[in-house]
Amino acid sequence: MNSREKIKRALKNQNVGRPPLWVMRQAGRYLPEYRALRKKHNFVEMVKSPELAVEVSLQPLRRFPLDAAIIFSDILVVPEAMGQPYHFRDQGGIGMDFSLESENCLNKLNTTEAVGKLSYVTQALTRLREELGESKAILGFCGSPWTLACYMIDGGSSPDFPKTVNWAQNSPESFAKLMEKLTEVLIGYVQSQAESGIDALQIFDSWNALCPNSKLREWSLKWIDQITAEVTSSVPVILYAKSPSERLSLLSNCKVAGISIDHETDLEFARKTLPPEFTIQGNLDPALMETDPEIVQKTTLELLNKMEGDGGHILNLGHGIRPHAKIECMESLVATVLEYPEMVTD
Ligand code: 1CP
């Protein structure tokens, strides 16, 4: 069974044998070849160039026989296309060129031309498929409206995005207007990714935990469902929502095919809590990739054994790979998964 078929089956909870494997943020600062390119180009330039984006998407697959390539891009390309650019801050993290201060700022955001401005992503996806051939899967992604709003309102990286939470709490109507605009653009954007041959779409709701339980649907899940509804007939959707384990049953009200679980949650607990048809992605701690190959092998085997026979498990890290990840640890992870017995060989 090739990688693409394996992933397709796992997203229907019908995989057999070892789980498919991909790694969140495959590209990144842990690869010397990525760092070499980054010395020559700034991040936004790399994201916007289909040629460079394809190159960076392929870098991890040249080293490791992963089952999928993740398109090199960022969730913040969407605000940028709507008229709110982003950049790296000198002190680290992301800054938006301006922040949305009030409802009056919403007319700075363009919804009609945004999807067209993102054509560099679809061009990169088309080229990536040409380079990769038919046997490997391609994973597309976008940020959720809530998580994008966090960066847009607070103006960049923050531990807790207080302005966003205040706005959503105090002016729900104008907040909903921003969500509508983002949802409209995201629907067009994910449809364009689906038409460009992605095998699955991951929606990142990285800041989901900032929504109180009572507001979770109104602030975040409602909009994710609207996006999912428009794309799910052609491409399965996986939701990544970094949030406490107790929230899993609330998240599973979303009409997605799978949930990506962060490393704080036990996968057995997730399997028991989620409806049986859900695919579960995860969930090794990214810090594991900074230890040594033996520890990686042992910990990966423990996870594989725990999920053995689960047709809907996709093996992944619980969050993005970090700059100090060691290549030999990645090698050990990939070898351990690939050598895991294929129980049924059809
Ligand atoms: O060279 C560098 O320093 C760039 C580091 C980097 C990379 C490799 C950033 C900056 N973004 C990315 C790519 C990226 N971003 C991918 C993967 C594509 C690939 O395989 O390379 C993905 C899936 C994202 C998604 C993303 N960007 C999220 C959601 C996932 C998550 O991490 O929770 C978020 C929140 C962002 C914003 C962002 N982009 C980059 C950084 C450092 C950040 C986080 C800023 C913060 O701390 O809030």
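The values are calculated or read from the model by the stated rules, or taken from the named source; none is laboratory data. Predicted, not measured: the structure shown is a model, and the values here were computed from it. Backbone-built Cβ (ideal geometry, glycine too); neighbour counts: all protein chains shown.
So ILE321 clears everything in (1) touching an Asp or Glu at 6+ places or on another chain (Cβ under 9 Å); (2) crowded, with 17+ Cβ neighbours inside 10 Å; (3) part of a loop (DSSP other than H, G, I, E, B) except one condition, right? Which one?
Answer for ILE321: the failing condition is (1).
Would you be able to tell me the number of residues in segment 145-162 that are out of contact with any Cys (no Cβ under 9 Å at 6 or more places or on another chain), in a helix (DSSP H, G or I) and not aliphatic (A, V, I, L, M)?
6
In segment 129-175, how many residues are within 14 Å of the ligand (Cβ to nearest atom) and among the small types (Gly, Ala, Ser)?
Total satisfying the criteria: 9.
Return the residue satisfying two criteria in turn: it lies in segment 190-205 and is within 16 Å of the ligand (Cβ to nearest atom) and hydrophobic (A, V, I, L, M, F, W, C), and of such residues it is surrounded by the fewest Cβ atoms within 10 Å (Cβ to Cβ).
PHE204
Please work out if ILE224 is closer than 19 Å to PRO79 by Cα, under 16 Å from the mean Cα position of the chain (by Cα), β-branched (Val, Ile, Thr) and modelled with pLDDT of 95 or more. Reasoning before the result, please.
Numbers: closer than 19 Å to PRO79 by Cα: yes; under 16 Å from the mean Cα position of the chain (by Cα): yes; β-branched (Val, Ile, Thr): yes; modelled with pLDDT of 95 or more: yes.
Yes: the conditions hold for ILE224.
What pairs come up if the first residue lies in segment 1-15 and is more than 16 Å from MET307 (Cβ to Cβ), the second is among the basic types (Lys, Arg), and their beta carbons are under 6 Å apart, counting only those six or more places apart or on different chains?
From segment 1-15, the pairs are SER3/LYS136.
Conditions tested, residue by residue: (1) crowded, with 17+ Cβ neighbours inside 10 Å; (2) under 25 Å from ALA241 (Cα atoms); (3) hydroxyl-bearing (Ser, Thr, Tyr); (4) within 21 Å of the chain's Cα centre (by Cα).
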{"residue": "GLU134", "(1), (2), (3), (4)": "no, no, no, no"}
{"residue": "GLY143", "(1), (2), (3), (4)": "yes, yes, no, yes"}
{"residue": "ASP160", "(1), (2), (3), (4)": "no, yes, no, yes"}
{"residue": "ALA168", "(1), (2), (3), (4)": "yes, yes, no, no"}
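Name the single residue, out of those in segment 276-297 being assigned to a strand (DSSP E or B) and in contact with a Ser or Thr (Cβ under 7 Å, 6 or more places away or on another chain), that is surrounded by the fewest Cβ atoms within 10 Å (Cβ to Cβ). So that I can check it myself, show each step before the final result.
Of all residues in segment 276-297, those assigned to a strand (DSSP E or B) come to 279-284.
Still in the list and also in contact with a Ser or Thr (Cβ under 7 Å, 6 or more places away or on another chain): 281-284.
Working: GLN281: 29, GLY282: 24, ASN283: 22, LEU284: 20.
Per the stated criteria, the residue is LEU284.
Which pairs have Cβ atoms under 6 Å, sit 6 or more apart or on different chains, and link a residue in segment 33-62 that is touching a residue at least 24 places away in the same chain (Cβ under 8 Å) to one that is β-branched (Val, Ile, Thr)?
These pairs meet every condition: SER57/ILE71.
Can you tell me which residues in segment 64-100 are modelled with pLDDT of 95 or more and either of a type in the set (D, E, K, R) or loosely packed, with under 13 Cβ neighbours inside 10 Å (or both)?
Passing the criteria: ASP67, ASP74, GLU80, ASP97.
Note down all Cβ pairs under 8 Å where the first residue falls in segment 297-317 and is on the phi > 0 side of the Ramachandran plot and without any contact (Cβ under 8 Å) to a residue 60 or more places away in the chain, the second is in a helix (DSSP H, G or I) and surrounded by 14 or more Cβ atoms within 10 Å (Cβ to Cβ), and they're at least six residues apart or on different chains.
none
Quick check on my filter: what residues within segment 249-275 are of a type in the set (Lys, Arg) and either farther than 25 Å from ALA287 by Cβ or loosely packed, with under 14 Cβ neighbours inside 10 Å (or both)? Don't jump to the end; show me each part of the working.
Of all residues in segment 249-275, those of a type in the set (Lys, Arg) come to 255, 271-272.
Within segment 249-275, LYS255, LYS272 meet the criteria.
Need pairs with beta-carbon distance below 9 Å; first residue small (Gly, Ala, Ser) and within segment 68-82, second within 6 Å of the ligand (Cβ to nearest atom); sequence gap 6+ or separate chains.
Here the result reads ALA68/GLN26; ALA69/GLN26; SER73/PHE141, each pair linking segment 68-82 to a residue that is within 6 Å of the ligand (Cβ to nearest atom).
So is ALA27 aliphatic (A, V, I, L, M), within 19 Å of the chain's Cα centre (by Cα), within 12 Å of the ligand (Cβ to nearest atom) and closer than 23 Å to ILE261 by Cα or not?
It is true that ALA27 is aliphatic (A, V, I, L, M), within 19 Å of the chain's Cα centre (by Cα), within 12 Å of the ligand (Cβ to nearest atom) and closer than 23 Å to ILE261 by Cα.
Which ones in segment 1-33 are closer than 21 Å to ASP90 by Cβ and either in contact with a Phe, Trp or Tyr (Cβ under 8 Å, 6 or more places away or on another chain) or buried (at least 19 other Cβ atoms within 10 Å of the Cβ) (or both)?
Going through segment 1-33, the residues closer than 21 Å to ASP90 by Cβ turn out to be 28-29.
The one that is closer than 21 Å to ASP90 by Cβ and either in contact with a Phe, Trp or Tyr (Cβ under 8 Å, 6 or more places away or on another chain) or buried (at least 19 other Cβ atoms within 10 Å of the Cβ) (or both): GLY28.
What residue, of ILE187, ILE238, is assigned to a helix (DSSP H, G or I), crowded, with 16+ Cβ neighbours inside 10 Å and within 17 Å of the chain's Cα centre (by Cα)? Before you say what the answer is, go through the steps one by one.
On the way: ILE238 fails: assigned to a helix (DSSP H, G or I).
Exactly one residue qualifies, and that residue is ILE187.
Return a yes/no flag: does segment 202-214 have any residue that is among the small types (Gly, Ala, Ser), touching a residue at least 60 places away in the same chain (Cβ under 8 Å) and within 13 Å of PHE141 (Cβ to Cβ).
Yes, because at least one residue in segment 202-214 is among the small types (Gly, Ala, Ser), touching a residue at least 60 places away in the same chain (Cβ under 8 Å) and within 13 Å of PHE141 (Cβ to Cβ).
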